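Data block below; observations after.
Values in this text are rule-based calculations from the coordinates and carry no lab data. No experiment lies behind these values; they were computed from the predicted model shown. In this analysis, Cβ positions are derived from the backbone assuming ideal geometry, glycine residues included, and neighbour counts consider all displayed protein chains.
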Amino acid sequence: MSEQPTPVILLVDDDPVITRLLEVNFRLVGFRVAAVSRGDVALERARAVPPSAIVLDVMLPGLGGYEVCRQMRAIPALAEVPVVFLTARSPNEEENPASELGPIDFVGKPFEPADLVELVRKRVAEHQAR
């Protein structure tokens, strides 16, 4: 049985404190992290190196999180990548994109980093098992 490659998390958030906190937490459990602060850059990075999962802030400068996800879902290599949205608003307050964006999760800010890491780890494992 061959070993799975080290999962790569694409972390997209324009808050440098959250970005650094999550980078450290994901790396502590063995993930590689690619962190960007803009949606357009996230699309470029994901096309170049498809991630194992994406942690995506809803509110980003320029291209917002929902639009980034919509565009990624249209790219065959990215269509099934697990996405976890970070949001300061409850999903009920947000436009509800779940039906058009495929499988996604929402995590509200503030959040417990270990819980977010565990959710992402679970989604990556489920995706790899398919």
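Tabulated data
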{"read-out": "Check: the chain dipole with +1 on Lys, Arg Cβ and -1 on Asp, Glu Cβ, in debye", "value": "400 debye"}
{"read-out": "Interchain or long-range residues, amide H under 5 Å from Phe85's placed H", "value": "Leu56, Asp105, Phe106, Val107"}
{"read-out": "Convex hull volume per residue for region 1-49, taking Cα atoms only, in Å³", "value": "57 Å³"}
{"read-out": "Euclidean distance between Cα centres, region 100-119 to region 1-80, Å", "value": "13 Å"}
{"read-out": "Rg(Cα)/(2.2 N^0.38 Å) for the chain, N = residue count", "value": "0.97"}
{"read-out": "The chain, helix-only ellipticity at 222 nm - DSSP H runs n ≥ 4, -39,500 (n - 2.57), divided by all residues, nearest 500", "value": "-12000 deg cm²/dmol"}
